[in-house]
Amino acid sequence: MTHLSRVRKGLGRMVGQSLKYDRSILFTPNSWAFWRNNIMCFCVNNVLGHCLESLYCKFMDKSFGIIDDTYAIKFDPWYHPYWVYGIGGEAMTLIFEPIKERILKRNKSLPGAMLETYVIAVLAAMGMELGFGLMVNQPDEDGNYPYWDNSKLPLNIFKQAWLVNDLVIGAVAVAHIWVGYPLVCKLMSRLSERAANAVFAATVGTFAAACVSSYRKLIKDGHL
């Protein structure tokens, strides 16, 4: 068995496990359990997204040399929340979870359903990156972009979005929708109400402490 085959089988097992329970608990906006799970995911995704971006930027900087020395990722504490990932995760849950369920009803093949979700997520990421870029990342008279410069990269889209980024974001979206979020819901559903609320309080409390600590450090170091 090749390494790729083992990875594919392992991913299939994880996704399969995430689907082996009542999927109706994934999207019940009228319940406290739904919002409890989503608030917890929001807290975790803010920090997890930061850590993933740090690794991604190190790779991109080494491969393409496109990360500026003044970019915040190089001095922010690892536990500093990057809010875009928490908000993005919630947008994926609220938008893509119902879409995923419709895809599953129409497409009985699990790999096919995941691939369809991936294509939709990549297109959505491309649209958001391009839209934000056109709104807030216009170059000045010297051709300098205020936030990011994808204009000279291969596979750029109207000099704003970058297909490589969108493919990676799509993969993260699929991992969140098909594995991460369902597993959180599954594990939380196995707890008593009291235990689930205790886990929720501990998660939110830890995240609040990370926010206070990271912002104090950034202010002290003169970055804010």
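The values are calculated or read from the model by the stated rules, or taken from the named source; none is laboratory data. Quick caveat, the model's predicted, so the values are computed rather than measured. Surface areas here come from the heavy atoms of the whole protein model, side chains and all, with no ligands, DNA or RNA. Shrake-Rupley method; radii C 1.70, N 1.55, O 1.52, S 1.80 Å.
Numbers at a glance
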{"quantity": "Solvent-accessible area per residue, Å², over region 100-222 with all protein chains present [probe radius 1.4 Å]", "calculated": "59"}
{"quantity": "Gyration tensor (alpha-carbon) shape descriptor, region 146-223, a/c threshold 1.5", "calculated": "oblate"}
{"quantity": "For region 87-102, 3J(HN,Hα) per residue [Karplus equation, 6.51 cos²θ - 1.76 cosθ + 1.60, θ = phi - 60°, Hz, x = Gly/Pro]", "calculated": "5, x, x, 5, 4, 4, 5, 5, 9, 8, 4, x, 4, 4, 5, 5"}
{"quantity": "Residues with amide H under 5 Å from that of Ile157, placed H, sequence gap 5 or more", "calculated": "Trp162, Leu163"}
{"quantity": "Three-way shape label, the chain, alpha-carbon gyration tensor, a/c 1.5", "calculated": "oblate"}
{"quantity": "Eligible lysines near Lys159 by straight Cα distance, threshold 25 Å, same-chain separation 8 or greater", "calculated": "Lys58, Lys62, Lys74"}
{"quantity": "Sequence-separation-based contact order of the chain, relative, with Cα cut under 8 Å and 6+ spacing, percent", "calculated": "26"}
{"quantity": "Helix-only mean residue ellipticity at 222 nm for the chain, each DSSP H run of n ≥ 4 adding -39500 (n - 2.57), per residue, nearest 500", "calculated": "-23500 deg cm²/dmol"}
{"quantity": "Percent RCO, i.e. relative contact order, over region 97-186, from Cα pairs under 8 Å lying at least 6 residues apart", "calculated": "29"}
{"quantity": "Anisotropy class of region 92-182 from Cα gyration tensor, a/c 1.5 cut", "calculated": "prolate"}
{"quantity": "For region 30-38, 3J(HN,Hα) per residue [Karplus equation, 6.51 cos²θ - 1.76 cosθ + 1.60, θ = phi - 60°, Hz, x = Gly/Pro]", "calculated": "8, 10, 5, 4, 4, 6, 4, 5, 6"}
{"quantity": "Order of exposure, largest accessible area first, which applies to Lys186, Lys100 with probe 1.4 Å", "calculated": "Lys186, Lys100"}
